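A quick write-up on the structure given underneath.
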Amino acid sequence: HVQLVESGGGLVQPGGSMTLSCTASGRIFSFDVMGWYRQASGKQRELVASITRGGRTSHADSVKGRFTISNDNAKSTVYLQMNSLKPEDTDVYYCNARVASFAYWGQGTQVTVSS
């Protein structure tokens, strides 16, 4: 059983920075892809950024140049560095890990950007 545990959410002022972390525990696979999604209440969950096992990254247009995804395979951890945060970045952020046809989700961490 794989568990993903996120940390690092909270309240930040517009223009500020925050780093989210997601660590996998349990029966750990070498994930094909790990990523971060976000979802506001009543809206569809959207992909923010992803990183493959080989280190190839992809970022949504809305966060390009502001957010950076990275990983530490030795620690089974993926990070999301968020800079120049805007109020519209306020959402619940979810960690996701995929291997073959299996997908795992974290419990979500709230990020609120407000003055």
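The values are calculated or read from the model by the stated rules, or taken from the named source; none is laboratory data. Because the structure is a prediction, the values reported are computed rather than measured. Reconstructed Cβ throughout: ideal geometry from the backbone, glycine too, with neighbour counts over all protein chains shown.
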### Query
Of these, A74, A97, A40, which one is within 14 Å of the chain's Cα centre (by Cα) and among the small types (G, A, S)?
A97
## Note on the structure
Of the residues in the stretch 19-38, those that are under 20 Å from D61 (Cβ atoms) and at pLDDT 95 or above number 5
### Query
Which is crowded, with 18+ Cβ neighbours inside 10 Å and in contact with a Ser or Thr (Cβ under 7 Å, 6 or more places away or on another chain), of Y93, Y104?
Y93
